[in-house]
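Below: one structure, written as structure tokens.
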């Protein structure tokens, strides 16, 4: 007969943390949020790949493109660029992130000299950039002729059909830098000449990229930026177990720092074969696998070569895997069991394999619970989909601003490589995700700063100043339905300004 687990399938909302002694050393400014995300010999060596905040963005079309990857890396977290797109497109997104830092940004706002002001305005509307490079052929790497900024024209006086060459700032009036210049040298030139941008040119005058004054200022405001050893932003990418022999080499060549096999159920020979091929042909790249919800799944993927293991089936806000297929487990129960298996594996082998909690995060305090239960880092979809930097449209629906959000297992994602029923090409047998909206929340950094402040405060209340210490000291209690109600505002009439502000 079937095996029945004795423990109930529990969610994060069914637990609370019991405070420990908060000492004078337990202050938010002393909390270390860095965490290792790939396997290593704990106690013998340091983890070769760490992130500065324990958060990653989900491998989803509606979440992780190059724009969000840049924003998240600048705060200290890591994105996994979605893989349900062409190999060339995904690799280009990775390149965009890797080129962004070191201060050198490859221009994606370009026009030719015969373009008009109308074309300039169209480029600005598309990219949001106020500086437009004018090259001889209108491409990002053409010979630079000049640049156009908002100071070069007046909307009330410059006709929209005016040729760009008649009002742009020409090359001979620009300060430029040569290819190979360091970021420090470029910033010195910017400050010395009191300019807002410095075009970087090759020896034959082709545009290599731009260094902006605002990026220097932004760097000062983002001290936790996640950088590689070449001072470039770090980025991950999602892969599948079908076209990995072509996709992985392309992503490695593009500069991806880490990969993850993306699947709602990772306990499969397909993932083991994918891991084994990668370790044989691209051993330098770190790769995670998943998702799993128990010890058997964890052990299987680790023994196949996984550098980290992703935990969670059916807990995402747009995921209906449990409803459709009847498989999965409450996220809290899954994390607790896999963390126990991770610790047992470490005790046996001396190798520590980080686990990532993927799904089930509804409130900010759930992040702390996931870490306390043993997750080394967490993966978030809905959370990041709400922000300006996510790739989806911002809409006004019923008087409220929202952003679109859909699952990788939804019909909209058209992720045929994972959900083709094996029959007619391009036919999805059934969906495992929904198409939805999430409330618009503003800028990523503003929201993430608040969320991480809550995590730090809770860690201090638990007498901990690191994630490892939190896991060692955490005390958890199961809560009843009525105690959940008691934990929120109740038996009062809230003021409208406080309820909606």
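Quick note: the coordinates plus some simple rules give every number you see, no bench work behind them. For clarity, every value in this text was computed on a predicted model and none was experimentally measured. FYI the Cβ positions are ideal-geometry reconstructions off the backbone, even for glycines, and counts take in every protein chain you see.
On full extension of the chain, what length is gained from residue 348 through residue 454, given 0.36 nm per residue of separation minus the C-alpha to C-alpha distance?
34.6 nm
How large is the convex hull of the C-alpha atoms of the stretch 110-212 per residue, in Å³?
Given the Cα convex hull of the stretch 110-212, per-residue volume reads 94 Å³.
Give the order of 84, 66, 89 when sorted by the count of other beta carbons within 10 angstrom, beginning with the fewest.
89, 84, 66
Rounded, prolate or oblate: which one fits the stretch 170-250, using the alpha carbon gyration tensor with axes a ≥ b ≥ c (rounded when a/c is under 1.5, else prolate when a/b beats b/c, else oblate)?
Here the stretch 170-250 falls in the oblate category.
Between residue 363 and residue 473, what is the label-to-label distance in nm when each label sits 7 Å out along the Cα-to-Cβ direction?
2.2 nm
For the stretch 240-327, what is one quarter of the convex hull surface built on the Cα atoms, given in nm²?
It is 6.0 nm².
Using a Förster distance of 22 angstrom, determine the FRET efficiency expected from the C-beta separation of residue 184 and residue 214, and round it to 0.05.
The value I calculate is 0.85.
Once the Cβ-Cβ distance between residue 401 and residue 22 is put in as r, and R0 is 30 Å, what FRET efficiency do you end up with, to the nearest 0.05?
In this case the efficiency is close to 0.20.
When ranked by the protection proxy of mean other Cβ atoms within 10 Å per residue, highest first, what sequence do the peptides 39-46, 432-439 form?
Result, highest mean Cβ count within 10 Å first: 432-439, 39-46.
Treat the count of other C-beta atoms within 10 Å as a stand-in for reagent exposure and order 221, 284, 404 from fewest to most.
Final ranking by Cβ density, sparse to dense: 284, 221, 404.
The list (1) 34; (2) 44; (3) 31 gives values of percent of Cα pairs over 37 Å apart, and only one came from this structure; which label was calculated from it?
Derived directly from the coordinates: (1).
In nm, to one decimal, how far is the modelled label at residue 246 from the one at residue 494, with both set 7 Å along Cα→Cβ?
For the pair residue 246/residue 494, the computed spacing is 5.1 nm.
How much length is gained on full extension from residue 482 to residue 303, taking 0.36 nm per residue of separation minus their Cα-Cα distance?
Extra length from residue 482 to residue 303 when fully extended: 60.1 nm.
Quote to one decimal, in nm, the extra length available between residue 139 and residue 126 on full extension: 0.36 nm per residue of separation minus the C-alpha distance between them.
So the extension gain works out to 3.1 nm.
Residue 227 versus residue 29, label points 7 Å from Cα toward the beta carbon: distance in nm?
2.3 nm
Using just the helices of the chain, give the 222 nm mean residue ellipticity in deg cm²/dmol: DSSP H runs with n ≥ 4 each add -39,500 (n - 2.57), and the total is spread over all residues, rounded to 500.
Taking each H run of at least 4 residues, the total per residue is -9500 deg cm²/dmol.
How big is the antiparallel share of DSSP beta bridges in the stretch 110-212, given as a percent to the nearest 5?
Taking every DSSP beta bridge with both residues in the stretch 110-212, the antiparallel ones total about 75 percent.
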